[in-house]
Amino acid sequence: MVPSRVKVLSAWISISMSIAVFTARTIAQDSKSSDPNFGRDVAPVLVAQCLECHDANRKSGGLSMATFESLREGGESGAVWADSKSGESLIVRKLRGLDPPRMPRNRPPLGQDSIDRIAAWIDAGAKLEDGRKSGESVESLAWSASRIMAERLGKMNPAERLAAAENEVRRMFAAVRPETLAADSKTVRSSQRFVVIGVEDPKLADSLSKSIEAVADDSKALFGDRIRSFENEGLRFLVFVFERPAEFAEFCRQNGFESPVAGQNVVGRSGASWPLLAVLASKAAIKVAEPGKSTGSERRAGKSARRAVSNDSKSTDPRSVHSLAAEALVEAIFDEMPNAPAWLKTGLSLSIAQEYDVRSPEFEFLSTEARATGPARVTGDWPRRAEEFLKDRLSATVSRPFAFALIDWLKRTWPADFPEFVRIVSAGEPQLDNALRKLWNTDRATFIASWTESLMRGSSRKGRR
């Protein structure tokens, strides 16, 4: 039975109020229990709202907020703050609209909580954190959203941290599809590091959680201290599963992801206030309760779905939700390795995803596409294009099959050396030459030639369990 509008509205109001009360209580507790902190309370606001007009180049009104030192020096209107006197401080008066024009100019006014935190920091002496220098940039001094959230969660007990994560996943899902809030709230399932919403079958949701927990363990073992996504106690990844392309696209829009292109069915990010994963899965894929297992009829259906994806940009990926979520998680983890080549990120994400849906035609399609659009092309320019690929100069659509094929080949050919290869190259594309010399005493041209030979032979790998 479809819930009535009254019931849906009632559920929406009830959950929204509980979220609002919980958030307000948390912020109030933070304000009372934490000393004012420039990196946490002030710098993030300046970076988001002020630097566009007050950086080292524009210096609107003669004021640069590029560094703490330049901020302290002030501008044409004088000092930004009066020592320990927020009520007389120019920045507070401008933000509150007491000294026109209100700041930030041509933007909505700041929330009262943000202004109060800046005022409290001034009243406490307007100091930097111990160990930080006034010549550092305001951007480098600003705490990340995930660090701020982690600090808040650190002051809660385990039950409160779990409630905060589950409330947030409901709120974000409801922002995309509020008409199904009551039903969606019943799909929330939690594990040690993840909160999943959007999978109706509890067994499938639990199975999905186990799969991505395993991916998290494997990723931590591979990258070690380079990954800090799983170190913040209570800062769970929020995992969203959508069946409708329009809802997936709206989620991306609301949460700062680039608009998904045709065939893009996963997004992931670890650097937000809450780490996020979102996947667009077909109804059939969400019914595959165990990763890597499917009947003959399901495999045939998967091949038909693969053909549909090629012809219909609105189609969803025929892979299992486990495989899609694994890909999204690895992509999110690479947020912490910003210099890593895009092909390494894409290839490793797809390679790990394959382990959770070994029979999907998607991966055979990628291998075939890499051969057909690479060395098998009659243009004869493959060595040049392979070099362009390794330098991330090809489009993401063109590079995707090559990335999967390359990582798949490396894992099969040098399984013992592969983890170190990934760790070295994740520091940046120039490190590829160092990895080739160190691990295999070879150069880039020989490496490309060996990979080309493998592509032309075709993959003999049938998949692993």
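With a ≥ b ≥ c the root eigenvalues of the C-alpha gyration tensor of the range 332-392, is it rounded (a/c under 1.5), prolate (a/b larger than b/c) or oblate? Intermediate values should be presented prior to the final figure.
Details: a/c = 4.91, a/b = 1.20, b/c = 4.10.
Here the range 332-392 falls in the oblate category.
By counting other Cβ atoms within 10 Å of each Cβ, how are 442, 67, 346 ranked from fewest to most?
Values: 442 13, 67 19, 346 24.
The fewest-first ordering by Cβ neighbours comes to 442, 67, 346.
Could you give the alpha-carbon Rg of the range 91-217 over 2.2 N^0.38 Å, rounded to two decimals?
Numbers: Rg = 20.6 Å, N = 127, 2.2 N^0.38 = 13.9 Å.
Rounded to two decimals, the normalised Rg is 1.49.
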Give the Cα extents of the range 337-465 along the principal axes, in whole Å, largest first. 37, 35, 26
Between the range 399-420 and the range 345-388, how many Å separate their Cα centres? 10
Residue-count net charge about residue 134 - beta-carbon cut-off 11 Å; Lys, Arg +1, Asp, Glu -1: +1
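Do you know the relative contact order of the range 337-465, to the nearest whole percent, from alpha carbon pairs under 8 angstrom that are 6+ apart? Could the numbers behind the result be given before it?
Numbers: 122 pairs, mean separation 53.3, N = 129.
The normalised contact order for the range 337-465 reaches 41 percent.
Please label the shape of the range 38-142 as rounded, prolate or oblate, based on the square roots a ≥ b ≥ c of the eigenvalues of the alpha-carbon gyration tensor (a/c under 1.5 means rounded; beyond that, a/b larger than b/c means prolate, else oblate).
Verdict is rounded for the range 38-142.
Sorted from fewest to most neighbouring beta carbons within 10 Å, what does the list 173, 257 look like?
Starting with the residue having the fewest Cβ neighbours, the order is 257, 173.
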Fewest first, what order do 50, 252 take by the number of other Cβ atoms within 10 Å? 252, 50
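Just so you know, all these numbers are worked out from the coordinates, no wet-lab data involved. Keep in mind that this is a model prediction, so the values were computed, not measured. Note that each Cβ is placed from the backbone with ideal geometry, even for glycine, and that neighbours are counted across all protein chains shown.
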